[in-house]
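Asker: Just dropping this structure here.
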Amino acid sequence: MIDLHLHTTASDGRYTPSELVARAHAAGITTLSVTDHDTTGALDEVAEQAAAWGVACVSGIEITAVWRRKDVHVLGYFFDPRSVDLQAFLASQRQDRVRRFRAMAVRVAELGLPVDVDALVEQSEQRSHQSLGRPLLAEALVAAGHVSNRREAFDRYLGDGCRAFVPRSGASPEEVVAIIAGAGGISSLAHPGLLGRDELIAPMVRAGLHALEAYHSKHTPETVRRYLALAKRHGLAVSGGSDFHGDESHDAEGLGCIGLPDAAFEVLRSRTRLTGARRPS
């Protein structure tokens, strides 16, 4: 099985890179990509552990773009994690995450739900630039006894439109596609069925988008067919994966529940010839 959408503790996953790779191997995954949010912090450990387990590994990331104040997630594959330009961009992404995180912490404090935001930011920096985000703030609210679980934190305070929500600022989807290409990688629009903004696809294709994530744990069979057809119409490859985080708040099914067909992976990998991207080991 091929799963190209996984998360670790480097962003908002429950399991460390080593734990995740071991679980992926046990679930029968033979090729994987860890796509943490706006960070490559887990990739060295993932590659080392994947080699130890005999699992093929593709460099991956899920970068958050912004379009009309809405998050748009763009997956990157086969890129060089040590690209200077990519790492400079990710550093700016982390700075905005800190800004947004602190702003939301102020809002929950104003609602009578204080958390130690400085300790959380320091924790992030100590964990190889762990990506700060709403899941970490939700966990802090749980730990402080303000809510019973992450789901309640999002439903009452942190979800879009809730009282403590702060919109993100950042690069456009087209700019993110260019950044991934500049690092020698190929890009795929993440879970387009959940995004519900198909009008973004054409301008992203013009910017160099390579694929759509047709296979996803929350895509119905009808949704999969829709994005397979759209990919074909636009001359795109397709990607796929479980979007596994290991926690209940994301509603993602378990490892091994869904993957990218072998033939689709070969088409996706063939797009690396267009960019000079690195092939998986």
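Asker: Answer yes or no: is there a residue in segment 144-167 that is of a type outside the set (Phe, Trp, Tyr), over 25 Å from residue 242 (Cα atoms) and under 18 Å from the mean Cα position of the chain (by Cα). I'd like the intermediate steps shown before the answer.
Answerer: Just the residues of segment 144-167 that are of a type outside the set (Phe, Trp, Tyr), to begin with: 144-153, 155-156, 158-164, 166-167.
This time we only want the ones that are over 25 Å from residue 242 (Cα atoms), so: 144-148, 156, 161-164, 166-167.
Add one more test, that the residue is under 18 Å from the mean Cα position of the chain (by Cα), and what stays is 167.
Yes, there is a match, as at least one residue in segment 144-167 is of a type outside the set (Phe, Trp, Tyr), over 25 Å from residue 242 (Cα atoms) and under 18 Å from the mean Cα position of the chain (by Cα).
Asker: Residues in segment 89-99: is at least one of a type in the set (A, V, I, L, M), surrounded by fewer than 21 Cβ atoms within 10 Å (Cβ to Cβ) and without any contact (Cβ under 8 Å) to a residue 40 or more places away in the chain?
Answerer: Within segment 89-99, one or more residues are of a type in the set (A, V, I, L, M), surrounded by fewer than 21 Cβ atoms within 10 Å (Cβ to Cβ) and without any contact (Cβ under 8 Å) to a residue 40 or more places away in the chain.
Asker: For segment 240-252, indicate whether the set of residues that are more than 24 Å from residue 10 (Cα to Cα) and surrounded by fewer than 24 Cβ atoms within 10 Å (Cβ to Cβ) is non-empty. Even if it seems obvious, please write down each step before you answer.
Answerer: Kept after step one, since they are more than 24 Å from residue 10 (Cα to Cα), are these residues of segment 240-252: none.
No.
Asker: What number of residues in segment 134-150 are within 30 Å of residue 77 (Cα to Cα) and out of contact with any Asp or Glu (no Cβ under 6 Å at 6 or more places or on another chain)? Spell out the reasoning first.
Answerer: Of all residues in segment 134-150, those within 30 Å of residue 77 (Cα to Cα) come to 134-139, 150.
If we keep only those that are out of contact with any Asp or Glu (no Cβ under 6 Å at 6 or more places or on another chain) too, we end up with 134, 136-139, 150.
Number of matching residues: 6.
None of the figures in this text is laboratory data; all of them are computed from the coordinates on show. All of these numbers come straight from a predicted model, not from anything done at the bench. Neighbour counts are summed over all protein chains in view; Cβ atoms, including those assigned to glycine, are modelled from backbone coordinates with ideal geometry.
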